[in-house]
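The values are calculated or read from the model by the stated rules, or taken from the named source; none is laboratory data. Please read these numbers as outputs of a predicted model, since none were measured by experiment. Glycine gets a Cβ as well: all are built from the backbone with ideal geometry, and neighbour counts include every protein chain shown.
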Amino acid sequence: MTKITVLGSGTAVSSFYKPFDFRAPPGYLLEHDGKQYLIECSDGMRGRLEKIKIDYFSIDSIFISHFHPDHFSILPFIQSIYVRTRWANQKKEINIYGPKGMENKLRTFWEMTHFKGSYDERIVPFLKINFFEFGNKKKFILEKNLSVTSFSVHHESRRMDAYAMRFQIGQKVFTYSGDCGPCQGVNEAAEGADLLISECSADIGVDHSEYGHFNSYQVGAMAAKRNVKTLVLSHLTNKYSPSELVADVLESGFTGVVKAAEDRDVLQLENA
């Protein structure tokens, strides 16, 4: 069995509409065949993993959809792994998948907070990071029966690289939209998915597709056309109740299973 834990179902401002009704920024843990894969690395990720009894040091790979900081606050996480390698005197290897420029950004962030040359002097000897660059319809084999394909999607008015991810797990498909609005990339990524976790941060009835966000009706319509079986709404602002969002999805004609994500939800893919 494969399971996905929702580590963060919110946005960068998810307590704005309902103060102290907290949703963490985006993050998801995919567990399959004894390995653990982190999708997005927003702030506070180490603590969120520890709260569900997951050792952050055990993460095999990290997948980043785009470089907005509510998805890509990876430096503190890498710092935690690095320090543990030093204290335990052990080496660690981790894979990071994401848009072009990932390695340069991480190196720059590290040296901004340490000193010039510190990435090669400190990180490289202890922590081996393998970087893999996403591209449109680019497939990566993760295990014998697990792969991920990245799809270019529309976000930030097409002024930055952003990707949806389609995980093929045996005969099952799990798709994560990343941040995007209606576009061909997410259509292809979601086709026939057993489980689609989709962003849904635009207001009900408001078309925010030019910038690159879905509203609940748009997500439902897309999922219906793509024959998605289970739709989970995430990247939520807390402006609307889960029942309001689900009702709007059902108005679109979607007839599958639908729910609004909550932090620490556990989603299962049977026979995957």
Which residue is modelled with the highest pLDDT, if the candidates are limited to the range 222-272 and must be under 13 Å from C200 (Cα atoms), of a type in the set (S, T, N, Q) and under 17 Å from the mean Cα position of the chain (by Cα)?
S234
Is there any pair with a first residue in the range 133-149 that is part of a strand (DSSP E or B) and a second that is hydroxyl-bearing (S, T, Y) and surrounded by fewer than 19 Cβ atoms within 10 Å (Cβ to Cβ) whose Cβ atoms are under 8 Å apart and which are 6 or more apart or on different chains, and what are they?
K139/S147; F140/S147; I141/S147
Which pairs do you get when a residue that is farther than 18 Å from A162 by Cβ, found in the range 101-115, comes within reach of a residue that is in a helix (DSSP H, G or I), reach meaning Cβ atoms under 6 angstrom, with the pair 6+ apart or on two chains?
R107/Y119; F109/L75; W110/Y119; E111/S118; E111/Y119
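Within the range 29-41, track down each residue that is out of contact with any Asp or Glu (no Cβ under 8 Å at 6 or more places or on another chain) and either of a type outside the set (A, V, I, L, M, F, W, C) or assigned to a helix (DSSP H, G or I) (or both). Please lay out each step first, then the result.
Here is the first cut: in the range 29-41, the ones out of contact with any Asp or Glu (no Cβ under 8 Å at 6 or more places or on another chain) are 29-31, 34, 38-41.
Result: E31, G34, E40.
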Looking at the range 152-169, I want the residues that are among the polar types (S, T, N, Q) and have a partner that is crowded, with 18+ Cβ neighbours inside 10 Å and not in a strand (DSSP E or B) with Cβ atoms under 7 Å, at least 6 apart or on another chain. Which pairs are those?
S152/G185; S157/G212
Go through the range 48-60 and give me each residue that's over 18 Å from Y97 (Cβ atoms), of a type in the set (D, E, K, R) and either part of a loop (DSSP other than H, G, I, E, B) or in contact with a helix residue (DSSP H, G or I) (Cβ under 8 Å, 6 or more places away or on another chain) (or both).
E50, K53, D55
Using the structure shown, decide if N238 is touching a Phe, Trp or Tyr at 6+ places or on another chain (Cβ under 8 Å), surrounded by fewer than 21 Cβ atoms within 10 Å (Cβ to Cβ) and under 29 Å from E31 (Cα atoms).
yes
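Among the residues of the range 84-124, which ones are part of a helix (DSSP H, G or I) and in contact with a strand residue (DSSP E or B) (Cβ under 9 Å, 6 or more places away or on another chain)?
As a first pass, look at the range 84-124 and keep what is part of a helix (DSSP H, G or I): 84-88, 102-113, 118-124.
R84, T85, M102, E103, K105, L106, I123 - these are the residues of the range 84-124 that are part of a helix (DSSP H, G or I) and in contact with a strand residue (DSSP E or B) (Cβ under 9 Å, 6 or more places away or on another chain).
Rundown of residues vs (1) in a loop (DSSP other than H, G, I, E, B); (2) more than 22 Å from L196 (Cα to Cα); (3) touching a Ser or Thr at 6+ places or on another chain (Cβ under 6 Å); (4) free of Cβ contacts under 8 Å to residues at least 40 places away in the same chain, yes/no style:
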{"site": "F16", "(1), (2), (3), (4)": "yes, yes, no, no"}
{"site": "A24", "(1), (2), (3), (4)": "yes, no, no, no"}
{"site": "D43", "(1), (2), (3), (4)": "yes, yes, yes, yes"}
{"site": "R46", "(1), (2), (3), (4)": "no, yes, yes, yes"}
{"site": "I62", "(1), (2), (3), (4)": "no, no, no, yes"}
{"site": "F67", "(1), (2), (3), (4)": "yes, no, no, no"}
{"site": "D70", "(1), (2), (3), (4)": "yes, no, yes, no"}
{"site": "S80", "(1), (2), (3), (4)": "no, yes, no, yes"}
